[in-house]
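Asker: Pasting a structure here, questions to come.
The values are calculated or read from the model by the stated rules, or taken from the named source; none is laboratory data. Nothing here was measured: the structure is a model prediction, and the numbers come from that model. A quick note on method: Cβ atoms are made from the backbone with ideal geometry, for glycine too, and the neighbour counts reach across all protein chains shown. Accessible surface areas use protein heavy atoms only, side chains included; no ligands, DNA or RNA. Shrake-Rupley method; radii C 1.70, N 1.55, O 1.52, S 1.80 Å.
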Amino acid sequence: MIKTDTNFNLLNSHITTLIKKDMYLNRIIEKCPNCESKHYIKYGLFKGFQRYKCKECGKTFSKATSSLWSYSKKKPTQWVKFTEYGLERKSLRFCAEKLGLSLVTAFYWRHKVLHGLNYDSVPEKLSGDVHIAKKLIPENFKGSKNITITVRHNIWVVAAKDCEDSIIIKPISRCHWHLPSFNKKIYYLIDEKAYIVPYGDRYISLVAKAHNKKHIKEVKNDKIIWSFQIILEKWLKKYHGVASKYLEKYLALFILYITKKEINCMEIFKKLSFENKFIKILDIGRLKTQSNSVLL
Ligand SMILES: [Zn+2]
């Protein structure tokens with residue numbers, strides 16, 4: 001007797017395998033994920049994937065190693081749906097309930113998605129009229145254990161946008177304005193011939209003055225940068241506070257939100273899956289120390 005696959009379980013599992021194969025077919029392996037050596041040889045197949053063996057460290061790996069697939073037993077449809085919810089800014093509780101995940105897993109997934117987005121959030125160049133504004137955001141130690149700090153400083157978040165709608169938003173320093181950090185994170189992207197339009201901050205005005213070399217022209221206000229402080233404040237409120245160590249990653253999502261770029265969740269998922277934009281759970285915990293050293 002033929003069994004009816006009423007829940008399409010069989011079909012779904014086939015689709016999963018097909019998507020997986022399709023996605024990894026063209027993935028280029030450049031080095032051993034364990035020791036980064038470029039000396040490796042083909043070493044049979046593993047679950048339908050070409051497997052390799054490193055000649056230096058002896059470890060085997062495949063085209064799916066160090067990607068979402070190799071660590072997650074969840075289905076790709078769950079990931080795509082999760083990315084979609086993330087972009088819609090649904091709460092972690094909502095995502096967990098809808099997709100049958102634990103809250104902890106939902107937390108890590110959110111950070112994986114944000115980490116992937118962060119790679120694409122830096123434009124190549126800012127040119128023409130470049131509008132710059134800042135917002136001070138009080139430090140937030142949400143989720144950190146054993147916090148003994150009693151004084152909370154402000155984090156300087158700077159947004160710069162040009163006439164081509166290229167935009168960058170980065171936390172640049174803690175407590176005080178820090179010019180070297182501004183230069184390293186924002187200013188290097190600004191074209192020499194660009195005209196800087198500062199919005200109500202004396203430090204940014206000084207940067208503009210030096211850059212524009214006494215050249216003064218009438219420029220129409222940029223809607224996003226003009227209301228940057230208010231939009232960001234409102235946007236962050238929905239998360240009930242974002243820990244400062246993760247702020248930079250959330251800002252990458254904020255950029256997608258304000259530029260209203262068309263977002264294809266499947267594309268994002270693909271990027272997360274195999275463009276080396278994958279972050280291991282272990283590294284999410286390490287972000288704390290990293291961001292502390294970045295934020296002076
Ligand atoms: Zn190796």
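Asker: Going by the conditions given, is Lys213 in contact (Cβ under 8 Å) with a residue 12 or more places away in the chain and open to solvent by 20 Å² or more (accessible area, probe 1.4 Å)?
Answerer: no
Asker: Given the criterion under 21 Å from the mean Cα position of the chain (by Cα) and among the charged types (D, E, K, R), identify the matching residue among Lys237, Lys220, Lys209, Lys214.
Answerer: Being under 21 Å from the mean Cα position of the chain (by Cα) and among the charged types (D, E, K, R) holds for just one of Lys237, Lys220, Lys209, Lys214, which is Lys237.
Asker: So Pro198 ticks every box in (1) modelled with pLDDT under 95; (2) open to solvent by 30 Å² or more (accessible area, probe 1.4 Å) but one. Which box is left unticked?
Answerer: All conditions are met except number (1).
Asker: Follow-up. Is there a residue in segment 235-256 that is under 22 Å from Val197 (Cα atoms) and without any contact (Cβ under 8 Å) to a residue 24 or more places away in the chain?
Answerer: no
Asker: Within segment 145-174, count every residue that is crowded, with 22+ Cβ neighbours inside 10 Å and not in a strand (DSSP E or B).
Answerer: Of the residues in segment 145-174, 1 are crowded, with 22+ Cβ neighbours inside 10 Å and not in a strand (DSSP E or B).
Asker: Taking Lys142 and the conditions (1) more than 18 Å from Leu236 (Cα to Cα); (2) outside any strand (DSSP E or B); (3) of a type outside the set (A, V, I, L, M, F, W, C), which numbered condition does it fall short on, given that it satisfies the others?
Answerer: It fails just one condition, (1).
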